[in-house]
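The block underneath contains the structure these notes are about, expressed in structure tokens.
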Amino acid sequence: MAKILTREGMIKLQEELEDRKIRLRQEIASAIKEAKEQGDLSENAEYSEAKHQQNENETRIMELEATLKEATVVEKTTGSLSVQIGSSVILDCKGKEMRFTIVGTNEVNPAEGLISSDSPFGRALMGRSKDEHVEIEVPAGKLKCVITSVA
């Protein structure tokens, strides 16, 4: 299944991939070289840690390459008044303002307000417009909100 990304998300993943392939690989290779120079590798914690970091980095590189290869970049339709991937949405939920940007599943970062179009909030908002009332299924039940802005 193709992964959906915003243009910004695609750029961010490409930058991470380049950083891991160039800078991080070199740092890890230097750490491995220094650890090897210390002698006996069987009891060398620095060597074991550097090899572990190398394995994690190479795994992440493969994940990023696969994601970028399979990804479909979704451009937000300019002038659209309905919520879509790339939209910034402000909700009023029982007097509490909530701000989200709808993104693809590989870009999610709740701490930054980036929520997936496949999340309960994302599904409830997709295709909706300003001033619409929405009910969002949350663990505590249904949350009733009004969309106050779509940008």
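Readers should treat all values here as calculations from the given coordinates under stated rules, not as data from a laboratory. It should be emphasised that the depicted structure is a prediction, and the values quoted were computed from it without experimental measurement. Every residue, glycine as well, gets a Cβ built from its backbone with ideal geometry; the counts of neighbours run over all protein chains shown.
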- Message: Using the Cα centre of region 50-141 as origin and beta-carbon charges of +1 (Lys, Arg) and -1 (Asp, Glu), tell me which of Ala50, Ser116, Ile136 is placed farthest towards the positive end of the dipole.
- Response: Ile136
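Taking R0 as 35 Å, what FRET efficiency do you get between Ala140 and Ile11 from their Cβ-Cβ distance, rounded to the nearest 0.05?
Numbers: r = 36 Å, r/R0 = 1.04.
According to the calculation, E is roughly 0.45.
Sequence gap at least 6, Cα distance under 8 Å: using those rules, report the relative contact order of the chain to the nearest whole percent. Intermediate results must be reported in sequence, preceding the final value.
On the way: 231 pairs, mean separation 35.0, N = 151.
Relative contact order comes out at 23 percent.
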- Query: Taking neighbour counts of Cβ atoms within 10 Å as a proxy for exposure, in what order, fewest first, do Val146, Val134 appear?
  - Reply: Val146, Val134
- Fluctuation leader among Ser87, Ser117, Ser42 - the chain, Gaussian network, Cα springs under 10 angstrom: Ser42
- Item | Spatially near lysine pairs across the chain, Cα under 23 Å, sequence gap of 8 or more or different chains | 22
- Rounded tilt (10° steps) of 7-19 against the dominant C-alpha axis of the chain: 10
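Can you tell me how much longer the chain between Lys36 and Arg99 gets when fully stretched, taken as 0.36 nm per residue apart minus their C-alpha distance, in nm with one decimal?
Values: separation 63, 0.36 × 63 = 22.68 nm, distance 5.04 nm.
So the extension gain works out to 17.6 nm.
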